[in-house]
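Here the structure is laid out as structure tokens; the discussion comes afterwards.
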Amino acid sequence: MDEMDEELKCPVCGSFFREPIILPCSHNICLACARNILVQTPDAESPQSSRASGSGVSDYDYLDLDKMSLYSEADSGYGSYGGFVSAPTTPCQKSPNGVRVFPPAVPQPPPQHHLLQHPGSLPPIPRNSCITCPQCHRSLILDDRGLRGFPKNRVLEGVVDRYQQSKAAALKCQLCEKSPKEATVMCEQCDVFYCDPCRLRCHPPRGPLAKHRLVPPAQGRISRRTSPRKISTCTEHELENLSMYCVQCKMPVCYQCLEEGKHGTHEVKALGAMWKLHKGQLSQALNILSDRATEAKEFLVQLRNMVQHIQENGVEFEACLVAQCDALIDALNRRKAQLLSRVNNEHEHKLKVVRDQISHCTVKLRQTTGLMEYCLEVIKENDPSGFLQISDALIRRVHMTEGQWGKGTLTPRMTSDFDLTLDSSPLLQTIHQLDFVQMKVPAAPMLQLEECCTQNNSATLSWKQPPLSTIAVDGYILELDDGNGGQFREVYVGTETMCTVDGLHFNSTYKSRVKAYNDSGVGQYSKTLVMQTSETGLPPCDIPTLATVAWFTFDPASAHPDIIFSNDNLTVTCNSYDDRVVMGNCSFSRGVHYWEMTVDRYDNHPDPAFGVARGDVLKDVMLGKDDKAWAMYVDNNRSWFMHNNSHTNRTDGGIGKGSTVGVLLDFTRGILIFLINDEQQGPVAFEALEGQYFPAISLNRNVQVTLHTGLPIPDFYTPGEADPTGSVC
């Protein structure tokens, strides 16, 4: 119940409500506090029609705060004048909740009368008194009844009473302004708890107060709890009890209000019925609010868990950071040791070279000095013949020794400087740039359904990153299954957000999904999209088959450059006398397919070739010359089948302008059949066909043909049935 504490305190005094009254704005205030914040207004500014009464909110005329100068924008709280505008202002006081209260300018009554607050003993309210709500700052002029025109909030008073009784602490004096002392007595008539100083000051045992009964606080609590609840009376007619409820004014009224007052024409209902109705409405609203409170509690638990997770993650991240920095320091120390080792090696090498040179020079100098001393002694001898016997040898030795001290001998072999310079600027720059990188794996892409589609056996997919995603993306991975519920496989990896996949099976259902990746890893998959390639058709005999109706055109992208296209890529010819190959823009790998080509122009008896080919077929030779094509080439008199430059099955019957060449590809039996003018040309041309094939044709400048697709299989052909001779029934 501690959370309810603020609901039970007056916004002016900050203490629990004592005799609360209800202002027209639905806020509550202590009766004594209401008297403290009353102000007087000039007669000219008090319209007679704007009087306070208990007849409803609509009867109050809230005053303009700017015109009344009751509220100052320079003040953070509530302010009011102490009298007329011309009256001098008095220093303001501040209530515990921050509301500024100006003492009234009118003389105050004796403390005992003011504090007892008996309706009959209240001093008169000055004319043109105004009260302003300390919470919403709405102001209104009081009528002749003064504060008695406001209804008393007995429900709030009862709640405050029960709340205080539920506290195990000792009862406090209700009149102490600061730090209430423990109550010693309670007056049953005044219904007030007093400490000894306040009792002597505010409730002296003389006059009318001498007859009041004072009891111990504990006994007073019991008597207050067991005393019958006071019946609310009408603020308009003080002797009448409230018995009805005015629906229009939304307030309880008495029967006299209905007969004599302005509520006579209003809709009224029984007080008990409206009491139950409003209790039910309040209960329903409380249930909804309770759900919100439950959600708020769960949210607080989530936030508290987040605090714990943040602390744990902070400790973990700090430990990781320390470990990373320690690893860098260790690596730097290891490199430092390596560099120091190189410096030491250079140092030792220089010392060794210099010391070796010192040793060598020392030996040679000692030999030279000895020779010099010996020669000087020989020169001192006076024996010419003896001198001449050894002089030549000594001269040669001196010259030879002098030659040993030739150029470079007295030059140091090593400098004292170390020719090593440590370049630390890149590392220092890297250290200064060392920072945290907010890098996470990308979010799951969103497939743009309005741009995804299928055409024949091709599928186009488009996707994008979520709108609020700010994570960098390096590329995407698109995956499709095999069209038969199998495993997904990658069909595209790159930076584009749209991809067309060709060469799918007809009459198949494919599942597709896409995911994004960056340096931190691969993100989650998007939602799976299910796509259907071209649907299965029925032949005219209504026998279910695997025949598939497909629409396609010639493909400029894969054709030889000499091919000329027209009629939306349905008509082709060539600007070369040599045969050039052009293929269709879709491929087939299963089902039964049939298409036709009409000869629009046929000059000088050329021999165009019709058939199917792999995607890497040669484009500058006749179709069927290599092992990538299976074709029938035909002139004006006869035809041949050709694959890998092998000619077979010469058949009479050729083509001319206006002729129609049909191609029937049946993967159910792996065969290829040709037709000329709706008649089968020769036996089954090729068998054991498996894999992926494109419709194809080769022609030169003497031929022009037009492609016709989306055709059903011919009437004579039934897939899966063939006679022993190889012809189709």
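Read-outs: derived from the displayed coordinates by stated rules, not from any lab. What you see is a predicted model; the values in this text were computed from it and never measured. Glycine gets a Cβ as well: all are built from the backbone with ideal geometry, and neighbour counts include every protein chain shown.
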Please give the peptides 7-16, 520-529 ranked by average Cβ packing (other Cβ atoms within 10 Å per residue), highest first, as a rough proxy for protection.
7-16, 520-529
Can you tell me the length gained on complete extension of the stretch Ser589 to Asp627, counting 0.36 nm per residue apart and subtracting the Cα distance?
11.9 nm
Förster-model FRET efficiency, 35 Å R0, Ile471 and Glu690, C-beta, rounded to 0.05:
0.20
Going by Cα centres, segment 239-266 and segment 336-390 are how many Å apart?
135
Which net charge results for the neighbourhood of Pro695, defined as the other residues with beta-carbon distances under 13 angstrom from its beta-carbon, given Lys and Arg at +1 and Asp and Glu at -1?
-1
Over what distance in Å are the Cα centres of segment 461-481 and segment 688-721 separated?
39
For segment 286-406: lysine pairs with Cα atoms under 25 Å, gap of 8 or more or different chains, count?
5
What's the local net charge at Ser341, with K and R +1, D and E -1, over the other residues with C-beta under 13 Å away?
+2
So if R0 is 35 Å, what FRET efficiency would Arg366 and Phe387 give, r being the distance between their Cβ atoms, rounded to the nearest 0.05?
0.90
Please list, in order along segment 554-562, the HN-Hα scalar couplings obtained from phi with the Karplus expression 6.51 cos²θ - 1.76 cosθ + 1.60 (θ = phi - 60°), rounded to whole Hz, x for Gly and Pro.
6, 9, x, 5, 9, 7, 5, x, 7
Along the dipole axis of segment 407-466 (charges at Cβ: +1 for Lys and Arg, -1 for Asp and Glu; origin at the Cα centre), the most positive-end residue among Gln448, Thr460, Gln429 is Gln429
For Ser520, net neighbour charge (Lys/Arg +1, Asp/Glu -1) across residues whose Cβ lies under 11 Å away:
-1
Just how large is the dipole of segment 367-502 about the Cα centre, in debye to the nearest 20, putting +1 at every Lys and Arg Cβ and -1 at every Asp and Glu Cβ?
520
Filtered hits (aspartates and glutamates, Cα-Cα < 19 Å from Lys262, offset >= 8 within chain) -> Asp59, Asp61, Asp143, Asp144, Glu236, Glu238, Glu240
Sort 503-515, 456-468, 405-417 by packing, meaning the average of other beta carbons within 10 Å per residue, with the highest value first.
503-515, 456-468, 405-417
Considering only C-alpha atoms, what is the centroid distance from segment 595-663 to segment 267-335, in Å?
77
If the only charges are +1 at each Lys and Arg Cβ and -1 at each Asp and Glu Cβ, what is the size of the charge dipole of segment 577-729 around the Cα centre, to the nearest 20 debye?
320
Residues whose built amide H sits under 5 Å from the amide H of Ile671, excluding neighbours closer than 5 in sequence, are Asp666, Leu689
